Each structure stands twice: as structure tokens, then as C-alpha cells.
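One structure is given here, and the rest of the page talks about it.
The values are calculated or read from the model by the stated rules, or taken from the named source; none is laboratory data. Small disclaimer: the values here were computed from a predicted structure and weren't measured. All Cβ positions, glycine included, derive from the backbone under ideal geometry; neighbour counts span all protein chains shown. Accessible surface areas use protein heavy atoms only, side chains included; no ligands, DNA or RNA. Shrake-Rupley method; radii C 1.70, N 1.55, O 1.52, S 1.80 Å.
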Amino acid sequence: TSVTWTLLLFVYFNFSEENQSFKNVPIKGLEPQRPFPKKFYPRFTRGPVHIPELQQKENKIGNPLGNHVQSPVKGQVEFSPEMGMIFNEEDQEVRDLGYQKHAFNMLISNRLGYHREVPDTRDVKCREKSYPSDLPSASVIICFYNEALSALLRTVHSVLDRTPAHLLHEIILVDDNSELADLKKDLDEYVRTQLPKTTKLVRNEKREGLIRGRMIGASHATGEVLVFLDSHCEVNEMWLQPLLTPIREDHRTVVCPVIDIISADTLTYSSSPVVRGGFNWGLHFKWDLVPLSELEGPEGATAPIKSPTMAGGLFAMDREYFNELGQYDSGMDIWGGENLEISFRIWMCGGRLLIIPCSRVGHIFRKRRPYGSPGGQDTMAHNSLRLAHVWMDEYKEQYFALRPELRMRNYGNITDRVELRKRLNCKSFKWYLDNIYPEMQISGPNAKAPQPVFINRAQKRPKIIQRGRLYHLQTNKCLVAQGHPSQKGGLVVVRECDYNDQNQVWVYNEDHELILNNLLCLDVSETRSSDPPRLMKCHGSGGSQQWTFGINNRLYQVSVGQCMRVVDPLSHKGYVTMAICDGSLPQQWHFES
Ligand code: UD2
Ligand code: MN
């Protein structure tokens, strides 16, 4: 499958004095938060990009920065490395149990307690914005299954602490028949004795999954707007007003905050770039950079952005509109697919879906889902089948081309949903693709004529930003080809620098490609991010060949969301690999002219 995008990158300049290391970096990296003046946005197009199978297999929503661990932003409550220190066996137990049951560091979560400050990650211009005083009131619905109590209560308290009382109609907690004892006993008592009366706890008698769970929550709600949150979130300053405002203006507008990243390992809260929702033909959600055309407006970085899809967990919607539009598909089980279903439905049936850059909510992004479904079924496939059959018309063939084994799979009765689609007089999926997600590549069963952007790319050579050596600080060595630089698929290694050797000269261009000796591009397999970077033919489609330089001298790979490091700085072999960005010495590089 291939995708063509016209994209932009957020480039970030850090002028701060404190950040000495950053000042040494000649090329500024992909950073959220402070968009570079628009005329500097590099324009580039994408050719064919392979869908990362990794994400498909893992069936999870990745955070908007991949596995990339952000360094602290201004005002960040500094994460202390001692926060997760284990002092005794009990600590060890809490930590181990936490990872096992919740897939995040529960020891740190417990130590943080139920209240904490989070860095204000909004663009500075958001702070000057004012919002109408007569906004609709909100019912916040938090559905949970076996959540760590500290994470759940931090979610609740962040809402109570950072939402004006007159806008918060109620909080509805839906316990999806959790099995953990403390969630039954301790939470019950806590809600009764420690929380305002407007916080309600609803219990499902059997496990329903998050989709029916949310419908149950919504059926108890009486506020004007429904706001859904996952049970491991922390809302930021002024998070709600920017969400309610567009809904007040038009009740058929559905809005999502920017989902900031709470690290599963350190619980550090950090800023996400403003990206929008897309999907691939495997019907997996993915994050896309925002096309330039979406950002041209007087409001600049604070303007709402149209999003083809939502990640699923965090959004606000007029309550009556939620009901009118058919809530969710109650035939969907446990987890997965509902986010694409509601996104398609919103767009195809006369609504719109926006991401609001001035509203920010942190979410713990885990590396795995710590629970299964009661019968062990693949609910994602079941749910995706339902949505494909109801909403995707002839384009469901795209899905079946990738998942032929599902063609004959039973997906239950969809009559009600098909009728709903008719009743609401919804547009076709082709209309959705043409108008809402034109970047989507369509090959195979429903192929379109190739898009002219390819031709543009061939005619236009990306501008060179810098030419020089890629110098590894810790080893004083330079990044070179292991074999000949013209050898496709060849590895790169660090070797003694030779400033007269053309084979050590890299070009960094506006497409964020790194090209060795004007020949091949530095590339990382999107499907197998554990593979080391290689030299490949430049494909001009970003993704696996897109690199940025950032703070801590990191060299960041956009598509795998990791940083390049030298495997063993003491070894003369000089192998490099991709790793989670941690700012450590083996990950520090200079581009030297
Ligand atoms: C993402 C969404 C999530 C949902 C999912 C697709 C974000 C941040 N998260 O996955 O909300 O749309 O994609 O379905 O966009 N839960 C139950 N009962 C269950 C299973 C889960 O109540 O049987 C709760 C769970 O405790 C959590 C919420 O549902 O609060 C979402 O589950 P998740 O956090 O495992 O999903 P996530 O963030 O991987
Ligand atoms: Mn979640």
C-alpha cells in the first residue's frame, strides 16, 4: 500500500540560554510546541510508504511521537530519576505487579499521588485566547477496566482541579466489571467519602468493553456535552473551554484535544506535536503530519485542525448529537475499531471532527495492552469487519486484500447500523476519501490514477540545508558506509573521521533526508524497527528516510520514533542501531559543515 502526502514539519528553534547543548546543534529538529514561521515550513511530498506491520500486529494506538521520549519542556515538573527507585521488596512487587497488570510503572504512579502539576504544553498564543462564558456544561465519562487506582484517581482529580466548577456537570466513572479488589472496595469508599456528589460510579455487571461501556456512561449523563477520557489521563490547564467553544457554535462539531504523552516508564508528562488522525487499509489508526493547507489561517498554530479520524479515547461531543448520530455500534466488543467507525460516521453524516491545539490532555501510552477479551477473541478484527461492512462500500475490498482470512468471518448482525446510515442520509465512503482524506493511497482493488505529486517530486529536487560530516561525540568518529557508499542495503558504522574523504560527506536536505556522498539515503525499516539503519535508494516519501536533529544532540528517526545510537562505543566495529531516545552519550551526534 502506498500513501502520498503533502506534509509539513514543525521545526523548532530553541533560543534559550540554559540549553547549551542544543545551541551547538546546527540543524534544529522536529519539535512540538513552537512552530517555525510558516515561510520556513519545508514542503515535501511522500511517495509510496509501506504500512508498518508492526503497529498492525500490536493492535495498539501509538503515541504521536512513536517511542520517542521527549525531553522536558519549560515549566515541566522535573522528573527525578529517584522517583522509581526501589528501596525494598514491596517496591519491587508494586513495580512488577504494575507492569504486569497495567503495563506502566505503578510504583511511580502511586508515589505521584492523586494530584500533580503538569507542564503547560500549549502554544503561548493559546494563553491569550478567551472563551465565551456561557459554554455548555460537560459530563465527563471515564470507562475503566482493572485500572491502577492511583492513575484513575489522578485522572479524576486532574479534571476536578483544572475544570471550572460551573462547566463540570458531573463525572461518570464506569467500572467495566474490574476484577481487582482495590477497585471494588477502595474506590467505592473513596468516591463516597472524598469526592463531590457530582462524581458517580456506575458498575457493569459483566464485562462490556469500552464501547458499550461508554454507551452506558452516556446513558447516565445529563450534561449538555459528553467528554470521554481514558482512565489514565491528566488534563492540562484550560483544557475544557477550547473543546466546548466549537461545540457551542455548531453542535455537530466533534472535538479532540491534543493528546500529550505521559511516559509509561517514568510518568513524565510531555508535549505532543499537533498531528492529526488517519488510518491505513489494515484499519489501524495512525498519526499523520498536518498538510500545509490545513494550517493557513489567521489563527495559525492555535486554529482547530480538521482530522479525518480520531484516536478514540479523548473527545467531546454534544450529548444530543451523540444520540442522534447513533452513539456507537453496540455490536462491537471490548476494544478497537470504534474510533474509525465514529470518525467515518461523523464526516459522512454531516458532522465534522476537529483537533483543538489549545486543549491538551495527557495520556499514558503503553507498549502493550495489559488485558485481553473474556473469550480471547480478536475484537479488533470483529469490530473492524462490522465497520467495513457498514461504512466502507466497495473500499472494504482494500481491507480484505490485506486480511483475506476475514472475508468469510462472521461479524454478527449489522442491520441496525445499515439502517442508521440510510436514515441519516450519509454520504459514500468515496466521498469521504475524496474530500476528507485525499492523502490516502488507493491501489489494488479500487486503484485511482497515480497522483500528480509524484511527478512534482521527480521534477523538484529538495533543497540542501547542510553538507558535512555526521560526527559521533562520544567516540570522536564519523558515520560512514560499512562497505561502499553506493551499495544498496549496506549498513552504516562509525569510523575514524577523514575530512578529505568524499565517502564521509552527508547531505541533509529540506525533506529531512540524509544522503551519503550524493548517492543513497539513510533509511530505517518501518516494519522492523529493531533492524539497524541502512543505505537505500532515496524514495522521497519521507517516513523511513526522514531524520531530524534535536536537543541533547539527538538524531531522531521520524517513522520509527527512535534515536540513532552507537551500539558499543568501545567496540571498534562501530555498529549503530535505533533505540528509544534517552539523551545518553551514545545517542549524541553533530552535523558538522
Ligand atoms: C485507544 C484509545 C481508546 C480506544 C482504543 C480503541 C486513546 C488515548 N485511547 O487505545 O480510548 O478508543 O484506542 O478501541 O485514544 N476499557 C474498558 N473495558 C475494556 C477495555 C478497556 O473499560 O474491556 C477502558 C480502559 O480501562 C481505558 C479505556 O477503556 O480506560 C481505553 O482502553 P486502553 O487504554 O487500553 O486503550 P488505548 O489507549 O490503547
Ligand atoms: Mn488508553
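Kindly establish whether residue 227 is within 16 Å of ligand 2 (Cβ to nearest atom), under 14 Å from residue 121 (Cα atoms) and among the β-branched types (Val, Ile, Thr). Even if it seems obvious, please write down each step before you answer.
Details: within 16 Å of ligand 2 (Cβ to nearest atom): yes; under 14 Å from residue 121 (Cα atoms): no; among the β-branched types (Val, Ile, Thr): yes.
Against the criterion (within 16 Å of ligand 2 (Cβ to nearest atom), under 14 Å from residue 121 (Cα atoms) and among the β-branched types (Val, Ile, Thr)), residue 227 does not qualify.
For the stretch 259-301, which positions are β-branched (Val, Ile, Thr) and within 19 Å of residue 120 (Cα to Cα)?
Result: 259, 261, 262, 266, 268, 274, 275.
Are any residues in the stretch 290-327 touching a Gly at 6+ places or on another chain (Cβ under 8 Å) and among the polar types (S, T, N, Q), and if so, which ones? Outline the logic, then answer.
Taking the stretch 290-327 as the starting set, the residues that turn out to be touching a Gly at 6+ places or on another chain (Cβ under 8 Å) are 303, 307-311, 319, 321, 325.
Across the stretch 290-327, the qualifying residues are 307, 309.
Any chance the stretch 340-356 includes a residue that's surrounded by fewer than 24 Cβ atoms within 10 Å (Cβ to Cβ) and within 16 Å of ligand 2 (Cβ to nearest atom)?
no
Check 146, 177 and return the single one that is more than 23 Å from residue 272 (Cα to Cα) and within 16 Å of ligand 2 (Cβ to nearest atom). Walk me through it before giving the result.
Working: 177 fails: within 16 Å of ligand 2 (Cβ to nearest atom).
Only one candidate passes the filter, namely 146.
Quick one: count up the residues across the stretch 549-567 that are open to solvent by 30 Å² or more (accessible area, probe 1.4 Å) and touching a strand residue (DSSP E or B) at 6+ places or on another chain (Cβ under 7 Å).
So in the stretch 549-567, the residues open to solvent by 30 Å² or more (accessible area, probe 1.4 Å) come out as 552, 558-559, 565, 567.
Adding the requirement that they be touching a strand residue (DSSP E or B) at 6+ places or on another chain (Cβ under 7 Å) leaves 558, 565, 567.
Of the residues in the stretch 549-567, 3 are open to solvent by 30 Å² or more (accessible area, probe 1.4 Å) and touching a strand residue (DSSP E or B) at 6+ places or on another chain (Cβ under 7 Å).
What are the pairs with Cβ atoms under 8 angstrom where one residue, in the stretch 487-502, is closer than 26 Å to residue 531 by Cβ and the other, located anywhere, is open to solvent by 100 Å² or more (accessible area, probe 1.4 Å)? Sequence gap at least six, or different chains.
488/537; 490/484; 493/573
Exactly one condition in (1) surrounded by fewer than 20 Cβ atoms within 10 Å (Cβ to Cβ); (2) farther than 15 Å from residue 170 by Cβ; (3) more than 15 Å from ligand 1 (Cβ to nearest atom) is not met by residue 205; state its number.
(3)
Evaluate the stretch 373-396: report whether one residue or more is within 16 Å of ligand 2 (Cβ to nearest atom), part of a strand (DSSP E or B), over 27 Å from residue 447 (Cα atoms) and assigned by TED's automatic domain parsing to the domain that holds residue 143.
No: zero hits.
Taking only the stretch 365-397 into account, find how many residues are farther than 22 Å from residue 102 by Cβ and within 9 Å of ligand 1 (Cβ to nearest atom).
1
Please work out if residue 245 is more than 28 Å from residue 106 (Cβ to Cβ) and touching a strand residue (DSSP E or B) at 6+ places or on another chain (Cβ under 7 Å). So that I can check it myself, show each step before the final result.
Values: more than 28 Å from residue 106 (Cβ to Cβ): yes; touching a strand residue (DSSP E or B) at 6+ places or on another chain (Cβ under 7 Å): no.
Judged against the criteria, residue 245 is not a match.
May I ask you to verify whether residue 378 is farther than 30 Å from residue 231 by Cβ and not polar (S, T, N, Q)? Let's see the steps before the verdict.
Values: farther than 30 Å from residue 231 by Cβ: no; not polar (S, T, N, Q): yes.
No; evaluated as a whole, the condition is false for this residue.
For (1) among the aliphatic types (A, V, I, L, M); (2) closer than 21 Å to residue 316 by Cα; (3) under 23 Å from the mean Cα position of the chain (by Cα), each residue gets a yes or a no:
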| site | (1), (2), (3) |
| --- | --- |
| 348 | yes, yes, no |
| 383 | no, no, yes |
| 392 | yes, no, no |
| 395 | no, no, no |
| 398 | no, no, no |
| 407 | no, no, no |
| 417 | no, no, no |
| 425 | no, no, no |
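Please find, among 201, 160, 135, 187, the residue that is away from ligand 2 (no atom under 16 Å from the Cβ), of a type in the set (A, V, I, L, M) and in a strand (DSSP E or B). Show your work before the answer.
On the way: 160 fails: in a strand (DSSP E or B); 135 fails: in a strand (DSSP E or B); 187 fails: in a strand (DSSP E or B).
None of the others qualify; the one that does is 201.
Exactly one of (1) of a type in the set (Phe, Trp, Tyr); (2) open to solvent by 20 Å² or more (accessible area, probe 1.4 Å); (3) under 30 Å from residue 130 (Cα atoms) is unmet by residue 371. Its number?
With respect to (1) of a type in the set (Phe, Trp, Tyr); (2) open to solvent by 20 Å² or more (accessible area, probe 1.4 Å); (3) under 30 Å from residue 130 (Cα atoms), residue 371 is out only on (3).
Name the one entry in 329, 288, 333 that is open to solvent by less than 20 Å² (accessible area, probe 1.4 Å), touching a residue at least 60 places away in the same chain (Cβ under 8 Å), over 20 Å from the mean Cα position of the chain (by Cα) and away from ligand 2 (no atom under 16 Å from the Cβ). Steps first, answer last, please.
Values: 288 fails: over 20 Å from the mean Cα position of the chain (by Cα); 333 fails: open to solvent by less than 20 Å² (accessible area, probe 1.4 Å).
Step by step, each of 329, 288, 333 is checked, and only 329 is open to solvent by less than 20 Å² (accessible area, probe 1.4 Å), touching a residue at least 60 places away in the same chain (Cβ under 8 Å), over 20 Å from the mean Cα position of the chain (by Cα) and away from ligand 2 (no atom under 16 Å from the Cβ).
Of all residues in the stretch 144-163, count the ones that are of a type outside the set (S, T, N, Q), in contact with a helix residue (DSSP H, G or I) (Cβ under 9 Å, 6 or more places away or on another chain) and either open to solvent by 20 Å² or more (accessible area, probe 1.4 Å) or more than 21 Å from residue 188 (Cβ to Cβ) (or both).
First pass over the stretch 144-163, keeping only residues of a type outside the set (S, T, N, Q): 144-145, 147-149, 151-154, 156-157, 159-162.
Restricting the remaining residues to those that are in contact with a helix residue (DSSP H, G or I) (Cβ under 9 Å, 6 or more places away or on another chain) gives 144-145, 147-149, 151-154, 156.
Applying the additional criterion that residues be either open to solvent by 20 Å² or more (accessible area, probe 1.4 Å) or more than 21 Å from residue 188 (Cβ to Cβ) (or both) yields 145, 149.
Residues that pass the stated criteria total 2.
Are any residues in the stretch 67-118 β-branched (Val, Ile, Thr), surrounded by 15 or more Cβ atoms within 10 Å (Cβ to Cβ) and at pLDDT below 85, and if so, which ones?
Narrowing the stretch 67-118 to residues β-branched (Val, Ile, Thr): 69, 73, 77, 86, 94, 108, 118.
Within this subset, residues satisfying the condition of being surrounded by 15 or more Cβ atoms within 10 Å (Cβ to Cβ) are 69, 73, 94, 108, 118.
Listed by number, the residues that qualify are 69, 73.
Failed condition for residue 206, given (1) in a helix (DSSP H, G or I); (2) modelled with pLDDT of 95 or more, with all others met?
If we test residue 206 against (1) in a helix (DSSP H, G or I); (2) modelled with pLDDT of 95 or more, just (1) comes out false.
Being of a type in the set (Gly, Ala, Ser), open to solvent by less than 70 Å² (accessible area, probe 1.4 Å) and more than 17 Å from residue 546 (Cα to Cα) narrows it down to one residue among 525, 486; which is it? Please lay out each step first, then the result.
Values: 525 fails: more than 17 Å from residue 546 (Cα to Cα).
None of the others qualify; the one that does is 486.
Tell me the strands (runs of 3 or more DSSP E) entirely within the stretch 216-322 that contain at least 3 residues that are assigned by TED's automatic domain parsing to the domain that holds residue 361, modelled with pLDDT of 95 or more and within 12 Å of ligand 1 (Cβ to nearest atom).
Working: elements: 225-229, 233-235, 253-263, 276-279, 285-288, 315-318.
Strands (runs of 3 or more DSSP E) meeting the threshold: 253-263.
Could you tell me whether the stretch 157-169 includes any residue that is within 13 Å of ligand 1 (Cβ to nearest atom) and at pLDDT 95 or above? Show your work before the answer.
Of the stretch 157-169, the ones within 13 Å of ligand 1 (Cβ to nearest atom) are none.
No, the stretch 157-169 contains no residue that is within 13 Å of ligand 1 (Cβ to nearest atom) and at pLDDT 95 or above.
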